[in-house]
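Colleague: What follows is a single structure, and I will ask about it in a moment.
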Amino acid sequence: MSRPPMARLDRLLANLGYGSRREVTALVRAGKIVLDGKALTDPGSKVPVTADLPSQMTIHGAPVDPPSPLTLIMNKPLGVVCSHKEAGRSVYELLPHRWRARMPGLSTVGRLDKDTSGLLLITDDGAFLHRVISPRNHVIKRYKAQLDRPLTGDETALFSSGTLMLEGESDPLEPAQLLPTGERSADLIITEGRYHQVRRMFAAAGNHVIALHRDQIGGLVLPADLEPGAWRILGLAAQDAIFN
Ligand code: URA
């Protein structure tokens, strides 16, 4: 069996957002960090950094936060933004406050508009993020759209043509699959992630999206029991499911 990666205790805890190196050193010296039932007192001690660390280490009696690489699945609620820079409440505010100081930092895997709900991945794993969003990997995203006007029947051919050009762009969209689910509703499966892509596609077809929800990325479907605003850690098997 290969040996787990090791890290200095003070650096690990500082990178998890528990405070500055000086602050976490004080925590260690005060005996607040317990590994496998024993208080650690040396801030420079080396500890194993594995995904199950929270089941082995406690801080003030509570399980330590999961170390990097960390990937989350969230059911993004309406009305929150995906960017640190955009005005308004962000998805990061739905996570523990301490996590804003994590290093490496957490980022959303692509973005959903403020007015779009549904499946959102958040990760500090750059390789995973790029694998999901890289156009070369053609990872599908499924959206459920409610429309202002009835579908005309022309949208399926337009969206699947591979020639649809969005306003202001110079490359046509990859073929997308439209599955009407009602007179004014449809599922749309796309393999790219251009700015406001779904809303702009329906606008190009003379319609207007009044509600939008993403429920699938690759082979990963938003769990029915994940309430809007709720999130959970996405394990490696579920991450792999995206690409299968
Ligand atoms: N397309 C949109 O128009 N908005 C989103 O949030 C995602 C895809």
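Colleague: Using a Cα-Cα cut-off of under 18 Å, which aspartates and glutamates could be cross-linked to Lys32, ignoring same-chain neighbours fewer than 8 residues away?
Modeller: Cross-link targets: Asp10, Glu23, Asp42, Asp65.
Colleague: Evaluate the relative contact order of segment 140-217 (contact order divided by residue number), counting alpha-carbon pairs under 8 angstrom at least 6 apart; express in whole percent.
Modeller: Result for segment 140-217 is 47 percent.
Colleague: Moving on. Any chance you could run the full-extension gain for His208 through Leu35? It's 0.36 nm times the residue separation minus the Cα-Cα distance, nm to one decimal.
Modeller: 56.7 nm
Colleague: Still on this structure: Set the Förster radius R0 to 30 Å, insert the Cβ-Cβ distance between Leu78 and Glu169 as r into 1/(1 + (r/R0)^6), and round the FRET efficiency to 0.05.
Modeller: The formula returns an efficiency of 0.65 here.
Colleague: Now for a separate question. Dipole size in debye (nearest 20) for the chain around its Cα centre, Lys and Arg Cβ +1, Asp and Glu Cβ -1?
Modeller: 1060
Colleague: Multiplying the sequence separation of Glu183 and Ala62 by 0.36 nm and subtracting their Cα-Cα distance, what value in nm do you get?
Modeller: Gain on stretching Glu183 to Ala62: 38.4 nm.
Colleague: Tell me, what is the FRET efficiency for Asp42 and Ala127 to the nearest 0.05, using R0 = 45 angstrom and their Cβ-Cβ distance as r?
Modeller: 0.85
Colleague: Still on this model: If the cut-off is 15 Å between C-alpha atoms, which aspartates and glutamates fall inside it for Lys141, apart from same-chain ones fewer than 8 positions away?
Modeller: Within the straight-line cut-off, Lys141 pairs with Asp113, Glu174, Asp187, Glu192, Asp215.
Colleague: Which far-off residues, 5 or more places away or on another chain, put their amide H under 5 Å from the one on Val64, with H placed in the peptide plane?
Modeller: Close amide H contacts, sequence-distant or interchain: Met57, Thr58, Ile59.
Colleague: Enter the Cα centre distance for the pair segment 1-47 and segment 65-100, rounded to the nearest angstrom.
Modeller: Answer, in whole Å: 25.
We did not get these values from a lab; they are worked out from the coordinates using the rules stated. Everything numeric here is computed off the predicted structure, so don't read it as measured data. Note: ideal-geometry Cβ built from the backbone for every residue, glycine included; neighbour counts use all protein chains shown.
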